[in-house]
Amino acid sequence: MLFTQNTIEKRIADKVFAGERITPEEGLYLYEHAELAYLGVLATFVREKKNDKKVFFNRNFHLEPTNVCIYDCKFCAYSRAIKKRSDGWELTMEEMMDKIRAYDHKHVTEVHIVGGVLPQYDLPFYEDFFRQIKAHRPNLHVKALTPVEFFYIFKKAKVSYEEGMRRLIEAGLESIPGGGAEIFHPEVREQIAKDKCTGEQWLDIHEVAHKLGIRSNATMLYGHLEKFEHRIDHLEKLRQLQDKTGGFQTFIPLKFRHENNEMDYLPESTTVEDLRNYAISRIYMDNFDHIKAYWPMIGKTTTHLSLSFGVDDIDGTIDDTTKIYSMAGSEEQNPAMTTAELIDFVLSAGYKPIERDTLYHIVHDYSVEEYVAEHDKVSA
Ligand code: V47
Ligand code: SF4
């Protein structure tokens, strides 16, 4: 039997099965004491209640205008300082539009745009870029920028968060990815990402976006200097904002990868800790519909396992050109899975592959019988 009477595990399990929210103290207890198998049972219960056996993926591509950055986050293997800018890339508008046009005849529904922060990539630049994308391909969803960039470009343009966000939405911005969150708590943030926007500013900018009708994601960079208390503080702040706005779609835990950065002396978290973290996130974030494992970062094997620990979204791209993780030591040096591979990947774990658009409308259900029969024939 997994639970003994009158234990705190039993109380937490009763709450989760009854659909009640667990407290920060209970969340901390789970991080400090709970075993993986127990967490898997609870997280799977929540996951199946919200999303049954569905595993969502979408067809997108990444575009990174530059990897040169005025900031100096200690965990970042990807950026180059301005004084070393010749080692990096800085795309012009024309080069960026060429990258958009390169997907003209491919079935993609979303472009995910993030990168380093540099003065030439300012508010008018991004307004112009988003307008050009939408003029060229109106149905391509623009998911772009994080509060790290928003904070900088709004300040430079001397506009409020609200005015800046309105201008970008008018130009074509449709949703916001989850990056830049790292760990909100200043005790940790000041050590790993001290110059960029604070945790409060990150949350305020997402709140403004939600109020203007934009959906967004949230991340947490874990497995470095933070303690479990800092993770719970982070989850709690997101859960509170979600209660207020309902604007978050997905929570994405990001495992710290330690190669080629200033924190390479730290060991990486174990796979068991990664799975515990997915499960606790699923249990704690009761007002988030989705938990995503970003497979180019965590690797295919852990992603497969994560489906039994609360994860229902694997991002999934036909061509992932992001360098953030391969440069920091991820198993996936050239992350790309074809749609057929991705579907196999999900079916072979016993789940239902569902292609979604950015806003989780179902584009195609690949679990229907004809497809599974066809798939079995092909793989036989
Ligand atoms: O904020 C940087 C992280 C994030 C490392 O919203 C690192 O759909 C691990 O947020 N080890 C950017 N992580 C990426 C991001 C993201 C990715 C995929 C999908 C979505 C989404 C969002 O990458 C940064 C930072 O937390 N990061 N360096 C590293 N060494
Ligand atoms: Fe710049 Fe982002 Fe890297 Fe920080 S994580 S140095 S803000 S590119």
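The values are calculated or read from the model by the stated rules, or taken from the named source; none is laboratory data. Quick caveat: nothing in here was measured; it's all calculated off a predicted structure. As a convention, Cβ positions derive from the backbone with ideal geometry for all residues, glycine included, and neighbour counts pool all protein chains shown. These accessible areas exclude ligands, DNA and RNA; they are computed on the full protein's heavy atoms, side chains included. Shrake-Rupley method; radii C 1.70, N 1.55, O 1.52, S 1.80 Å.
Per the Kirkwood treatment, what hydrodynamic radius in Å, one decimal, follows for the stretch 1-123 from the mean inverse distance over all distinct Cα pairs?
Numbers: mean 1/r = 0.0520 Å⁻¹.
By the Kirkwood definition, the hydrodynamic radius is 19.2 Å.
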20 °C / 1.002 mPa s Stokes-Einstein diffusion coefficient of the stretch 85-174, Kirkwood radius on C-alpha pairs, µm²/s: 156
Leaving out ligands, DNA and RNA, what percent of the accessible area of the chain is carbon and sulfur, probe 1.4 Å? 52
Have a look at VAL272, VAL16, VAL68 and tell me which one the Gaussian network model of the chain (Cα, springs below 10 Å) gives the largest fluctuation. VAL272
Using a simple charge model, +1 on the beta-carbon of Lys and Arg, -1 on the beta-carbon of Asp and Glu, nothing else, what dipole does the stretch 206-260 show about its Cα centre, in debye to the nearest 20? 160
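Here are some pairs, LYS15/LYS300; LYS155/LYS237; LYS134/LYS156; which of them have Cα atoms lying more than 30 Å apart in this structure?
Details: LYS15/LYS300 32 Å; LYS155/LYS237 24 Å; LYS134/LYS156 25 Å.
Table pairs above 30 Å Cα-Cα are LYS15/LYS300.
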Over the chain: helical MRE at 222 nm, DSSP H runs n ≥ 4 each giving -39500 (n - 2.57), nearest 500: -13000 deg cm²/dmol
May I ask you to rank THR302, THR338 by accessible area, largest first, using a 1.4 Å probe over the protein chains only? THR338, THR302
Under 5 Å, built H, 5+ apart or other chain: amide partners of LEU221: GLU182, ILE183, LEU254
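Which value, in debye to the nearest 20, gives the size of the charge dipole of the stretch 5-379 about its Cα centre, when Lys and Arg are +1 and Asp and Glu are -1 at the Cβ? Spell out each step's value before the answer.
On the way: 47 positive and 62 negative charges, 120 e Å.
The calculation lands at about 580 debye.
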Using a Gaussian network model on the chain with a 10 Å cutoff between Cα atoms, which of HIS141, HIS290, HIS33 fluctuates the most? HIS33
Karplus ³J(HN,Hα) for the stretch 116-131 (6.51 cos²θ - 1.76 cosθ + 1.60, θ = phi - 60°; Hz, whole; x = Gly/Pro) runs x, 10, 9, x, 6, 8, 10, 4, x, 4, 5, 4, 4, 4, 4, 4
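Looking at the P(r) of the stretch 5-379, how many percent of alpha-carbon pairs lie beyond 40 Å? All intermediate terms of the calculation are to be shown ahead of the outcome.
Details: 7597 of 70125 pairs.
Beyond 40 Å sits 11 percent of the P(r) for the stretch 5-379.
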Probe 1.4 Å, all protein chains in place: accessible area of ASP104 in Å², nearest 10? 60
Could you provide, to the nearest whole Å², the per residue accessible area of the chain with probe 1.4 Å? 42
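Only bridges whose two residues both fall in the chain count here: according to DSSP, what percent of them are antiparallel, nearest 5? All intermediate terms of the calculation are to be shown ahead of the outcome.
Working: 4 of 31 bridges.
If we restrict to bridges inside the chain, about 15 percent are antiparallel.
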Enumerate cysteines in the chain without a disulfide-compatible partner, where compatibility requires another Cys Cβ under 4.7 angstrom. CYS69, CYS197
Note down the Stokes-Einstein diffusion coefficient of the stretch 226-298 in µm²/s, whole number, using a Kirkwood radius over alpha carbon pairs, 25 °C, and 0.890 mPa s. 182
